[in-house]
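Notes follow the structure.
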Amino acid sequence: MKYCPPIRRVTRGKNHHYEDADGRRVPGVTTILNGGLPKPQLINWAGSATAQGAVDNWDDLAALPPAARLKALEGIRYEVTNKAKNRGTQVHLYAEALVQGIEVKGVPDELRPFVDSYVRFIDAWQLDPVLVEVVIVSYGHGYAGTLDLIADLTGPSGERERWLLDLKTGEKGIYPETALQLSAYRFAEFYLDADGAEQPMPTVEHTGAIHITADDAQLIPTVSEREQLTMFRIAQKIYEYEQDKDGLILPALRLPTASTARVIWDDNQ
């Protein structure tokens, strides 16, 4: 599908999406990856999260009627996911302010170690932001997204390097699809400036994730080249199939006149 510029990000509550000038939704990078990549590890994770939740809440669950107990068990994994998402969102907001030199106040106690880790990272790598939380768009491939950060860092060699970076706070580290995510950002055509005007995407030398934990913040390089963009495009096609698959099987055909043929059974044979 061809989209009409300019693209804009529409935020409603905790959720957001992207629209073109005609009001058509433009699929987002993370939405494409979530819907277009198989994630078999999530099956094992869901089972483990549910089992752990059952053990941690055994007495409370035992006191519930069977139907309510089943509903509570079904929701445990979503409680774990929502908690992780909320933490990640809050850390992202503080990180966005910190990297721009904006003072942050009222940081909850449980998030202060994450903020401390990121502040140390900014100082150690001499991070200088170029773009922070900007919308990107590829009209050629039909997607939009929001990158976390493009910044200049002082690398291990002592040279200044320009990086496209994504901030991650997950306990399990960096997943491989992050490389595809960053390739989609890297090879987008435009980003939106503060006035909403489209500007050509700047060139970067490296891509990677900043893995922020309560103990540390590490720079994890990714391989996010044209080949990974091709892999992202394959995931995008699978995502498009998932969106359109119900329209692939059409209603049964009907003849204008019904057949009057019938079988005559000879019970003597």
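Restricting to segment 175-195, name every residue that is part of a loop (DSSP other than H, G, I, E, B) and buried (at least 18 other Cβ atoms within 10 Å of the Cβ).
Across segment 175-195, the qualifying residues are Phe187, Ala188.
Only one of (1) closer than 30 Å to Thr213 by Cβ; (2) among the aliphatic types (A, V, I, L, M); (3) modelled with pLDDT of 75 or more; (4) open to solvent by less than 60 Å² (accessible area, probe 1.4 Å) is not met by Ala46, so which one is it?
That leaves (3) as the condition not met.
Only one residue in Arg254, Arg262, Arg233 is in contact (Cβ under 8 Å) with a residue 12 or more places away in the chain and either among the charged types (D, E, K, R) or exposed (fewer than 10 other Cβ atoms within 10 Å of the Cβ) (or both), so which one is that?
Of Arg254, Arg262, Arg233, the one residue that is in contact (Cβ under 8 Å) with a residue 12 or more places away in the chain and either among the charged types (D, E, K, R) or exposed (fewer than 10 other Cβ atoms within 10 Å of the Cβ) (or both) is Arg233.
Among the strands (runs of 3 or more DSSP E) contained in segment 196-269, which hold 3 or more residues that are touching a helix residue (DSSP H, G or I) at 6+ places or on another chain (Cβ under 7 Å)?
Here the list reads 206-212.
Across segment 9-31, which residue is nearest to the chain's Cα centre (by Cα) among those that are aliphatic (A, V, I, L, M) and assigned to a strand (DSSP E or B)?
Top of the filtered list is Val26.
Can you work out which of the residues in segment 49-65 that are closer than 20 Å to Lys172 by Cβ and in contact with a Lys or Arg (Cβ under 7 Å, 6 or more places away or on another chain) is modelled with the highest pLDDT?
The selected residue is Thr50.
The values are calculated or read from the model by the stated rules, or taken from the named source; none is laboratory data. Because the structure is predicted, anything quoted here is derived from the model rather than measured. Glycine gets a Cβ as well: all are built from the backbone with ideal geometry, and neighbour counts include every protein chain shown. What goes into the accessible areas is simple: the full protein's heavy atoms, side chains included, and nothing from ligands, DNA or RNA. Shrake-Rupley method; radii C 1.70, N 1.55, O 1.52, S 1.80 Å.
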